[in-house]
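Below: the structure, in structure tokens.
The values are calculated or read from the model by the stated rules, or taken from the named source; none is laboratory data. Keep in mind that this is a model prediction, so the values were computed, not measured. Here Cβ is always computed from backbone atoms with ideal geometry, including for glycine, and neighbour counts include all displayed protein chains.
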């Protein structure tokens, strides 16, 4: 019996050893390896989210550009153009004259097309991203039949609509562009410029001389992150030119160059976009004619787009009595006006391409006299403004000043409280 008991215990011990599982040390090591793997995957996951969001924003921008182009094309032909008094009106675009319906908007008339959606209608917002829409409508020439010695050019035969949509997201600044020709149709051969007589121009055939490309330029930030501006001179004039072609590449040998074709013969400047930020590009321009093309501008001219700028942060707003230097309070005169102007100062970090102002509210929530108060950039991340002492009908108590983004009309979280004391409370201590 004793031998049998020992045998059973021996077998039970071996069985328990086979099924003992992981030790505490093995479990901790496995969890540590899993944590390391998860940390590495977090960066990949976040990068994928940013890329996916940027692609979605570009799709929205391209869709918006298509919608705007089709909206222009759907208008009556005589309504396609701008009035000279519309905000952001410009007389030319890329060297071509703007289609101007009149110097001023007639009374009781609402323009059908606005140059920039920053001035009505309001900016377009998709998914929390604000898109700026710029519209350009210019006159373009057309060419008719040609002989061995000449070709017919019809001046200002049709309208060309261009829409540029730009936005900034977590990846950087972006621009998409669409162009479309607009012609009324069903009116037979073109009769001449805007209904006038037919213009026939004798054109010397190929090859035209090579254009001279000027040093490339840059637009104002943040557009310089995705755009290079070109301009050129055509030696001997443009009489023999039917169109221009721009080529650009990221190497001086122009390998794998991208071509922009069918640029109007009267054009001598062009905004090349969208380009990658912080990248050097090489450019050439070629003049084309009816039978082919001439030589390109040589050597290629180079320029670098600006790198992505750091995000904009609004740091602090200060309000100061310009007379006493107090940053907490000011005093009223008996006539209800401030005893001194107030100085406004906004500190920022990074690149802030938007405009800002300060809105003031009295203790009851009513708008302060003269609000909003414009802020002007002083460079180095600082903005300054003034609340004039001449403003009247101020109320005593705690006033709240808030920074407003005037580019998109949104209210920021940057605020400053400031006490307006009664005229007889000066030197009484406490809040006043």
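A few comments on the model shown:
- In region 339-368, the residues that are over 26 Å from the mean Cα position of the chain (by Cα) and either without any contact (Cβ under 8 Å) to a residue 12 or more places away in the chain or at positive phi (or both): 365, 367
- For region 255-266, the count of residues that are in the same structural domain as residue 211 (by TED's automatic domain parsing), in a loop (DSSP other than H, G, I, E, B), surrounded by fewer than 17 Cβ atoms within 10 Å (Cβ to Cβ) and at pLDDT 90 or above is at least one.
- When we screen 327, 377 for residues that are in a strand (DSSP E or B), out of contact with any helix residue (DSSP H, G or I) (no Cβ under 8 Å at 6 or more places or on another chain) and outside the structural domain of residue 225 (by TED's automatic domain parsing), the only hit is 377.
- Residue count for region 332-354, restricted to those that are touching a helix residue (DSSP H, G or I) at 6+ places or on another chain (Cβ under 6 Å) and either under 11 Å from residue 418 (Cβ atoms) or part of a strand (DSSP E or B) (or both): 1
- Exactly one residue among 421, 432 is touching a helix residue (DSSP H, G or I) at 6+ places or on another chain (Cβ under 8 Å) and surrounded by 15 or more Cβ atoms within 10 Å (Cβ to Cβ), and that residue is 432.
- Exactly one residue among 153, 176 is at pLDDT below 80 and either surrounded by 19 or more Cβ atoms within 10 Å (Cβ to Cβ) or out of contact with any strand residue (DSSP E or B) (no Cβ under 9 Å at 6 or more places or on another chain) (or both), and that residue is 153.
- For region 383-401, filtering for residues that are part of a loop (DSSP other than H, G, I, E, B) and surrounded by fewer than 16 Cβ atoms within 10 Å (Cβ to Cβ) leaves 5.
- Set 277, 296, 302, 313: member being under 21 Å from the mean Cα position of the chain (by Cα), touching a residue at least 40 places away in the same chain (Cβ under 8 Å) and more than 30 Å from residue 396 (Cβ to Cβ): 277
- Boolean, residue 331 is in contact (Cβ under 8 Å) with a residue 12 or more places away in the chain and closer than 29 Å to residue 220 by Cβ: no
- Residue list for region 232-254, filter: at pLDDT 85 or above, over 25 Å from residue 165 (Cβ atoms) and part of a loop (DSSP other than H, G, I, E, B): 234, 251, 252, 253, 254
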